[in-house]
Amino acid sequence: MSEPEAAPPIDRAHLDRMTMGEDSLKAEVLGLFRNQTRSWMRLLDPETDTADWRVAAHTLKGSAMGIGAWALAEACSVAEATAKKERILSQAEKRVFTDRIRVELDAALADIATIEHRLAIAALRAGKLPY
């Protein structure tokens, strides 16, 4: 018996609901998410102050939830909750959380690239420029 196929990193049905099924809005939202992740990941550097690090995890969590990146949102949620409950986190502790977030973010970004590619192909077939 084969194992059930894992859900993609981005929940397409949720993304569709959040963008009202409009491909151009979907492309814009995904592009904004992709571009903003650079800033968030810089703040999730283990050397960042714990309070700022927690805010970055919280912000990334909210954005991940907006596009349906549930595994990424969960990784950020655990990091944020630990930073709220604990004393100042050590760099090693932050590194463990950041590494988990990075794995989930990389998966989400790869899935976003797939979605954006499909949106671009659909736009070209419809005779529209994807931007």
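Just a few scattered comments:
- Number of the condition not met by Leu72 [criteria: (1) surrounded by 16 or more Cβ atoms within 10 Å (Cβ to Cβ); (2) part of a loop (DSSP other than H, G, I, E, B)]: (2)
- Residue count for the range 80-98, restricted to those that are acidic (Asp, Glu) and either in contact with an Asp or Glu (Cβ under 7 Å, 6 or more places away or on another chain) or open to solvent by 80 Å² or more (accessible area, probe 1.4 Å) (or both): 1
- The range 1-13 - residue that is closer than 15 Å to Glu104 by Cα and in contact with a helix residue (DSSP H, G or I) (Cβ under 9 Å, 6 or more places away or on another chain) and, of those, surrounded by the most Cβ atoms within 10 Å (Cβ to Cβ): Ile10
- Scanning the range 14-45 for residues that are exposed (fewer than 13 other Cβ atoms within 10 Å of the Cβ) and of a type outside the set (A, V, I, L, M, F, W, C) yields Arg17, Gly21, Glu22, Asn35, Arg38, Ser39, Arg42.
The values are calculated or read from the model by the stated rules, or taken from the named source; none is laboratory data. Given the structure is predicted, the values throughout are model-derived calculations rather than measurements. Ideal geometry is used to build each Cβ from the backbone, glycine not excepted, and the neighbour counts take in all protein chains shown. For the accessible areas, the whole protein counts, side chains as well, though only heavy atoms, and no ligand, DNA or RNA atoms are used. Shrake-Rupley method; radii C 1.70, N 1.55, O 1.52, S 1.80 Å.
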